[in-house]
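I have placed the structure first, in the form of structure tokens, so that the comments after it can refer back to it.
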Amino acid sequence: MRWTYREAATMKPDISVQVPVKNGGDAFSRFLGSLALQDIQAGWEVVIVDDGSEKPVLQEFRREIDSLPDNCTVKVVRLDPGGNRPVARNEASRVSTAPVSLLMDGDMEFGPSLLRRHLEIKEETGADVVMGRRVNSFSSNASPWQKWFDTRAMGVSPSGAFPWKYFITGNLSITRGLLEKAGGFDPAINCYGGEDTEMGYRLNAMGVSFRWDPELAVNHLDDVSVEEHSLKMLEYGRTGLRYTLGKHPGTRGLLGSKWVEPVFSSPAYLCPVRLSVRFFLLRPLYRAVLRFASKHGGPPVLFTYLSVGACLTGLRGRDFRN
């Protein structure tokens with residue numbers, strides 16, 4: 001079900017904020033509160049894809065939606081039963097009309113200049129894709145785990161180009177039409193993770209330009225634990241990553257996947273590495289490290305081991321749980 005809830009009078013949107021949400025709770029309320037404070041003067045739109053929430057978004061968050069500024073058009077898409085994030089992203093893209101799409105998540109909080117600066121940086125650089133930071137360690141009592149998380153991918157890099165494998169939605173703007181030209185997000189990746197990376201690969205093959213700018217920062221209101229993250233990476237390895245490797249031979253080696261290929265596969269110099277990786281992915285060892293890192297908060301090298309290790313364990317069709 002699709003409808004325009006409110007249309008900004010005579011103002012065509014310059015940017016479309018597109019956000020899928022399911023049972024958004026307090027985090028989505030804060031997300032909408034951040035949108036209400038945006039300082040952009042041009043017309044803009046927000047496309048909310050209600051991805052099968054128990055209580056329809058327009059009922060639960062009507063007050064927050066009504067508080068959005070007058071230059072904002074609000075569109076709502078209701079998917080029932082929902083539950084497929086690529087489908088939700090594709091629906092938002094089809095409904096939007098602005099020349100720039102800002103792909104966001106409903107558990108973000110951010111300052112008033114975010115939309116304006118996305119447009120300005122796209123104009124200044126000419127990039128097709130502009131991606132900003134998602135900050136987990138924004139609070140004064142942030143854990144070592146959250147601080148480690150913020151160093152992943154482009155996290156501590158200065159502004160500049162970024163590789164396709166780090167294409168992550170949540171705080172990313174893209175020129176309208178490019179997602180459709182690439183074929184849209186792949187609905188076959190319907191579990192945690194992977195749909196963004198797979199899309200990044202296809203966009204890169206089209207010659208799309210990618211720009212990273214850490215000035216564009218949002219706070220990520222997702223207080224996931226070390227063990228919860230390991231479970232997500234386990235799921236990603238056995239679903240999205242495995243699917244992407246099968247669909248695109250050019251992604252071979254993504255996230256260390258070469259390390260768990262058959263031991264005597266080429267290149268031969270990786271044979272000792274593959275044997276070592278099999279040892280370090282043994283379930284008793286992985287679980288012992290998980291308990292230690294969860295209890296003691298590090299060191300950071302163990303967080304890296306747990307994250308990559310869970311993904312590769314899933315890719316092998318194994319499970320680190322009892």
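The values are calculated or read from the model by the stated rules, or taken from the named source; none is laboratory data. These figures come from a predicted structure and were not determined experimentally. Note that each Cβ is placed from the backbone with ideal geometry, even for glycine, and that neighbours are counted across all protein chains shown.
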Response to the item:
Within the range 195-225, residues being under 27 Å from residue 310 (Cα atoms) and either aromatic (Phe, Trp, Tyr) or at pLDDT below 95 (or both) number 5
Worksheet item: Under 6 Å by Cβ, and 6 or more places apart or on different chains, what pairs join a residue from the range 118-130 that is closer than 15 Å to residue 217 by Cα with one that is surrounded by 21 or more Cβ atoms within 10 Å (Cβ to Cβ) and among the hydroxyl-bearing types (Ser, Thr, Tyr)?
Response: 118/173; 130/173
Worksheet entry | Qualifying positions in the range 178-195 - surrounded by fewer than 22 Cβ atoms within 10 Å (Cβ to Cβ) and either closer than 14 Å to residue 245 by Cβ or charged (D, E, K, R) (or both) | 180, 181, 186, 188, 193
Discussion item. Going by what's in this entry, would residue 49 be described as out of contact with any Lys or Arg (no Cβ under 7 Å at 6 or more places or on another chain), among the β-branched types (Val, Ile, Thr), buried (at least 22 other Cβ atoms within 10 Å of the Cβ) and at pLDDT 95 or above?
Written reply: yes
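In the range 203-232, which residue that is of a type in the set (A, V, I, L, M) and under 16 Å from the mean Cα position of the chain (by Cα) is nearest to residue 179 (Cα to Cα)? Before the answer, list the steps.
Of the range 203-232, the ones of a type in the set (A, V, I, L, M) are 203, 205-206, 208, 216-218, 221, 224, 226, 231.
Narrowing the set further to residues that are under 16 Å from the mean Cα position of the chain (by Cα) leaves 203, 216-218, 221, 224.
On the way: 203: 8, 216: 21, 217: 23, 218: 23, 221: 27, 224: 29 Å.
For the range 203-232, the residue satisfying everything is 203.
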Item to complete: Might you check whether a residue that is assigned by TED's automatic domain parsing to the domain that holds residue 96 and part of a helix (DSSP H, G or I) occurs anywhere in the range 4-25?
Response: yes
Worksheet item: Out of 32, 58, 103, which single residue is in contact (Cβ under 8 Å) with a residue 60 or more places away in the chain and among the hydrophobic types (A, V, I, L, M, F, W, C)?
Response: 103
Practice prompt. Scan the range 231-245 and give yes if some residue there is surrounded by fewer than 16 Cβ atoms within 10 Å (Cβ to Cβ) and at pLDDT 95 or above, otherwise no.
Written response: no
Item to complete: Could you please find all residues in the range 96-145 being assigned to a helix (DSSP H, G or I) and within 19 Å of residue 32 (Cα to Cα)?
Response: 114, 115, 116, 117, 118
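Find the residue count for the range 300-317, including only residues that are loosely packed, with under 13 Cβ neighbours inside 10 Å, of a type outside the set (A, V, I, L, M, F, W, C) and free of Cβ contacts under 8 Å to residues at least 40 places away in the same chain.
Residues of the range 300-317 loosely packed, with under 13 Cβ neighbours inside 10 Å: 301, 317.
After this cut, where a residue has to be of a type outside the set (A, V, I, L, M, F, W, C) as well, the list is 317.
Then drop every residue that is not free of Cβ contacts under 8 Å to residues at least 40 places away in the same chain, which leaves none.
Counting residues in the range 300-317 that are loosely packed, with under 13 Cβ neighbours inside 10 Å, of a type outside the set (A, V, I, L, M, F, W, C) and free of Cβ contacts under 8 Å to residues at least 40 places away in the same chain gives 0.
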Worksheet item: Restricting attention to the range 132-149, does a residue exist that is under 21 Å from residue 17 (Cβ atoms) and surrounded by fewer than 17 Cβ atoms within 10 Å (Cβ to Cβ)?
Response: yes
Item to complete: For the range 78-94, indicate whether the set of residues that are in a strand (DSSP E or B) and either under 25 Å from residue 185 (Cα atoms) or touching a Cys at 6+ places or on another chain (Cβ under 7 Å) (or both) is non-empty.
Response: yes
